[in-house]
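Enquirer: Okay, here's the structure, questions in a sec.
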Amino acid sequence: MANKNKEMLKTFFGVMFNNQKSIDLIIPSSYAKDVYSINYKKLYKQGFRGIIFDIDNTLLPVNDINVPTELEELITKIKKIGFNICIVSNNSLQRVLSPAQKLGVLYIAKADKPNKVAFDTAVEELHEKKESVIMVGDQMLSDIKGANVYGIYNILVDPVDNKYDFKTGISRCLQKIMIKKVSKKGIFADQKYY
């Protein structure tokens, strides 16, 4: 856990000091308003077959286990398209288990993103080649950085809620600072979806 935080801070300071490698690590392949705005049919046609979703503030508000009907319908639609789905979260099994079971998807708790092992495990669970897997998450320093280091397509989404726990709140604060920094360079802009 300490190594993960150290790596995230190293990336943050790299971005602050204009280190291009650090900047590249936090820039997503794509950026969408939310999980409902993503064109899953198009991604399937492009050859993607597996989706790794973060849970906290990507699918549900932080620590909320109540799965809304709208999310159930979305996951059912995505599965019908042909995708395999795995939730990968740094949160506890207690937090991840109930929503994952309700949605009928694979899950990995205490994943330690952006650690490469989290992504290796998810790809293995999905029974897919890594080139056909997508990461969808709301955090640049864990979800996007981890996916970029691992070498998979990734989609950043805006958080579903503005409430955070302590760890997520710190990461969100750092993310806002980084977005402001890279926006000035014309590399990425908040709410400019692509």
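Enquirer: At q = 0.15, 0.19 Å⁻¹, what log₁₀ I(q)/I(0) does region 1-88 have when each alpha carbon counts as one equal point scatterer in the Debye sum?
Expert: Ignoring solvent entirely, the Cα scatterers give -0.77, -1.00.
Enquirer: Suppose all protein chains stay in the model; what accessible area per residue would a 1.4 Å probe give for the chain, in Å²?
Expert: Per-residue value: 50 Å².
Enquirer: Give the calculated FRET efficiency between Asp120 and Lys33 to the nearest 0.05, with a Förster radius of 41 Å applied to their Cβ-Cβ distance.
Expert: According to the calculation, E is roughly 0.90.
Enquirer: Thr69 to Lys41: FRET efficiency via 1/(1 + (r/R0)^6), r the Cβ-Cβ distance, R0 25 Å, to the nearest 0.05?
Expert: In this case the efficiency is close to 0.70.
Enquirer: Separate question: Note down the relative contact order for region 47-194 as a percent, whole number, built from C-alpha pairs under 8 angstrom at least six residues apart.
Expert: 25 percent
Enquirer: Taking K and R as +1 and D and E as -1, what net charge do the other residues with C-beta under 11 Å from the C-beta of Asn154 add up to? Intermediate results must be reported in sequence, preceding the final value.
Expert: Numbers: positive: Lys145; negative: Asp54, Asp143.
With Lys, Arg at +1 and Asp, Glu at -1, the neighbours total -1.
Enquirer: Taking all protein chains in place and a 1.4 Å probe, what share, in percent, of the accessible surface of region 41-194 do carbon and sulfur account for?
Expert: 51 percent
Enquirer: What do you get for Rg/Rh over region 67-108 if you use C-alpha atoms and the Kirkwood form of Rh?
Expert: Computed over Cα atoms, the ratio is 0.97.
Enquirer: At 1.567 mPa s and 4 °C, plugging the Kirkwood radius over alpha-carbon pairs of the chain into Stokes-Einstein gives what diffusion coefficient in µm²/s?
Expert: Taking Rh from Cα pairs, D becomes 78 µm²/s.
Enquirer: Excluding Thr121 itself, what net charge comes from residues whose Cβ is under 13 Å from its Cβ, given Lys and Arg +1 and Asp and Glu -1?
Expert: Net local charge, Thr121 excluded: -1.
Enquirer: I've got another one for you. When the helices in the chain are scored as -39500 (n - 2.57) per DSSP H run of 4 or longer and the sum is shared across all residues, what 222 nm value do you end up with, to the nearest 500 deg cm²/dmol?
Expert: -13500 deg cm²/dmol
Enquirer: Would you mind checking the pairs Lys45/Lys184; Lys10/Lys184; Lys45/Lys79; Lys145/Lys192; Lys42/Lys129 and listing those with alpha carbons more than 25 angstrom apart?
Expert: Lys45/Lys184
Enquirer: Give, in nm to one decimal, the length gained when the segment between Thr76 and Asp190 is fully stretched (0.36 nm per residue of separation minus the Cα-Cα distance).
Expert: 38.1 nm
Enquirer: With no solvent and one point on each alpha carbon, what is the Debye value of log10 I(q)/I(0) for region 116-194 at q = 0.12, 0.22 Å⁻¹?
Expert: Values returned for q = 0.12, 0.22 Å⁻¹ are -0.40, -1.08.
Enquirer: Label-point separation (nm) for Asn3 and Cys173, each offset 7 Å from Cα along Cα-to-Cβ?
Expert: Inter-label distance under the simple model: 2.7 nm.
Enquirer: Considering only the other residues whose Cβ falls under 13 Å of the Cβ of Tyr31, what net charge follows from Lys and Arg at +1 and Asp and Glu at -1?
Expert: -3
The values are calculated or read from the model by the stated rules, or taken from the named source; none is laboratory data. This one's a predicted model, so the numbers in the text were calculated from it and none came from an experiment. All Cβ positions, even for glycine, are placed from backbone atoms using ideal geometry, and neighbour counts span all protein chains on display. For accessibility, only protein heavy atoms count, side chains too; no ligands or nucleic acids. Shrake-Rupley method; radii C 1.70, N 1.55, O 1.52, S 1.80 Å.
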